[in-house]
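Working notes, structure below.
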Amino acid sequence: MKIYTKQGDHGETALFGGTKVKKNALRIAAYGTVDELNSVLGMALSQPHSAKTGEYLEEVQQQLFILGADLATPLEKKSPIERISEEKVTFLETTIDDLEEYLSPLKNFIMPGGSMAGANLHFARTVCRRAERLTVELMQHEDISEVVLQYLNRLSDFLFVLARFENHNAGKEETPWIPRD
């Protein structure tokens, strides 16, 4: 497979299904941010982390390719791969519940940071929230599966809990945010 096609040299790209759009289209921004998120998760995986975190992140990276393809395919077109499913949302919810058993309940907002993997997961959460905001905006203009939005919303929760879990495993105490007078 050739890396360059020269098809995008004039600022356009093709969605799955053949529709051409400008590279700065909202749909491209949404799935481009999902791609960015997947790269940030790769950064987290490159840092020392627990085996459980590695397993979860590898699964989520696979799911993000499905999510990106879903966003790259207009709803009325046949998708070249499966669309993101409610089963993937349930996976995130079940995993959150499992991870929270290891963590103390939150009493304050916490500062992002901790171990390298934990800090990268906090960063990933913020990129996920941006993807979610772009998807909400996209949904105001085009038909998008509601499961895409549910998945992104749950994924940001998952990444927050996973960051806490990773910092807990690394022995890094959470720093509560306490407003200053």
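The values are calculated or read from the model by the stated rules, or taken from the named source; none is laboratory data. This one's a predicted model, so the numbers in the text were calculated from it and none came from an experiment. Methodologically, a virtual Cβ is constructed for each residue, glycine included, from the backbone with ideal geometry; neighbour enumeration extends over all protein chains shown.
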* Asked: When region 121-139 is examined, which residues are found to be surrounded by fewer than 23 Cβ atoms within 10 Å (Cβ to Cβ) and either at pLDDT below 95 or aliphatic (A, V, I, L, M) (or both)?
  -> Val127, Leu134, Val136, Leu138, Met139
* Asked: From the residues in region 111-159 that are of a type in the set (A, V, I, L, M, F, W, C) and not in a helix (DSSP H, G or I), which one is nearest to the chain's Cα centre (by Cα)?
  -> Ile144
* Name the pairs whose Cβ atoms lie under 9 Å apart, with the first residue in region 15-42 and farther than 25 Å from Glu58 by Cα and of a type in the set (Val, Ile, Thr), the second at pLDDT 65 or above and not in a helix (DSSP H, G or I), and 6 or more positions between them or separate chains? -> Thr19/Pro74; Thr19/Lys77; Val21/Glu12
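Residues Glu87, Glu59, Glu82: which one is among the acidic types (Asp, Glu) and at pLDDT below 90? Steps first, answer last, please.
On the way: Glu87 fails: at pLDDT below 90; Glu59 fails: at pLDDT below 90.
The match here is Glu82.
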* **Answer from Lys88, Lys52, Lys78 - the residue that is loosely packed, with under 15 Cβ neighbours inside 10 Å and either in contact (Cβ under 8 Å) with a residue 12 or more places away in the chain or not aliphatic (A, V, I, L, M) (or both)** => Lys78
* **Among (1) out of contact with any Lys or Arg (no Cβ under 7 Å at 6 or more places or on another chain); (2) modelled with pLDDT of 95 or more, the one test that Asp143 misses** => (2)
* Cβ pairs under 7 Å, 6+ apart, first in region 109-123 and under 15 Å from Ser156 (Cα atoms), second small (Gly, Ala, Ser) and surrounded by fewer than 20 Cβ atoms within 10 Å (Cβ to Cβ) -> Pro112/Ala119; Gly118/Ala170; Ala119/Gly113; His122/Gly113
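Taking only region 42-56 into account, find how many residues are in a helix (DSSP H, G or I) and either out of contact with any Leu (no Cβ under 7 Å at 6 or more places or on another chain) or of a type in the set (S, T, N, Q) (or both).
Kept after step one, since they are in a helix (DSSP H, G or I), are these residues of region 42-56: 42-45, 51-56.
If we keep only those that are either out of contact with any Leu (no Cβ under 7 Å at 6 or more places or on another chain) or of a type in the set (S, T, N, Q) (or both) as well, we get 42-43, 51-53, 55.
Residues that pass the stated criteria total 6.
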* Yes or no: Tyr31 within 20 Å of Arg133 (Cβ to Cβ) and either more than 11 Å from the chain's Cα centre (by Cα) or part of a helix (DSSP H, G or I) (or both)? -> yes
